[in-house]
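To start, the structure under review is shown below, and the notes come after it.
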């Protein structure tokens, strides 16, 4: 019985510690996004809101560089060149742009405001904290490019890639 109680307490402590670390990382992401996006004026959508939407309703535009995109993307995401080549296909869809935390994508959304593009607040970092799916060549992956080591605020379930 003592072993059971000890094991239960230990696992509870570990679980709470991991949850606390996750909460701290989410707060860091929100704070960094807020400070970076203060000068950017564009509509946004949260990762939680995006996850609730049916994929048929939107198109995801990944504005990260090709090296970042090679590691993983959000499901069914396209790059900005593909978006502009096929703009007519997306006129009736929500257009949602993303990057690592939302700064580069915010600049993109602001620059193309006539297209009514939403910025994914917190980018792939926020997406990881709602346990969003990442894809690589049509398969689910846990690898995510975080731009640099300094920006590694991924959920602990994912593997950060930077270089």
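The values are calculated or read from the model by the stated rules, or taken from the named source; none is laboratory data. The structure displayed is predicted, hence computed values, not measured ones. Glycine gets a Cβ as well: all are built from the backbone with ideal geometry, and neighbour counts include every protein chain shown.
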The condition of being out of contact with any helix residue (DSSP H, G or I) (no Cβ under 7 Å at 6 or more places or on another chain) and farther than 22 Å from residue 43 by Cα holds, among 111, 150, 89, 143, only for 150
Residue 64 passes all but one of the listed conditions (1) within 14 Å of residue 122 (Cα to Cα); (2) surrounded by fewer than 19 Cβ atoms within 10 Å (Cβ to Cβ); the exception is number (2)
When every residue in the range 140-155 that is touching a residue at least 12 places away in the same chain (Cβ under 8 Å) and assigned to a loop (DSSP other than H, G, I, E, B) is compared, the one surrounded by the fewest Cβ atoms within 10 Å (Cβ to Cβ) is 148
- Query: For the range 68-83, does any single residue satisfy the condition of being assigned to a helix (DSSP H, G or I), closer than 19 Å to residue 26 by Cα and touching a residue at least 60 places away in the same chain (Cβ under 8 Å)?
  - Reply: no
Checking the structure you have, find out if any residue of the range 94-104 is out of contact with any helix residue (DSSP H, G or I) (no Cβ under 9 Å at 6 or more places or on another chain) and not in a strand (DSSP E or B). no
Considering the range 26-61, residues that are part of a loop (DSSP other than H, G, I, E, B) and at pLDDT 95 or above, and then whichever is surrounded by the most Cβ atoms within 10 Å (Cβ to Cβ), we arrive at 46
Filtering the range 90-121 down to residues that are out of contact with any strand residue (DSSP E or B) (no Cβ under 6 Å at 6 or more places or on another chain), closer than 20 Å to residue 55 by Cβ and surrounded by 21 or more Cβ atoms within 10 Å (Cβ to Cβ) yields 99
(request) For the range 119-133, indicate whether the set of residues that are modelled with pLDDT of 95 or more, at positive phi and not in a loop (DSSP other than H, G, I, E, B) is non-empty. (result) yes
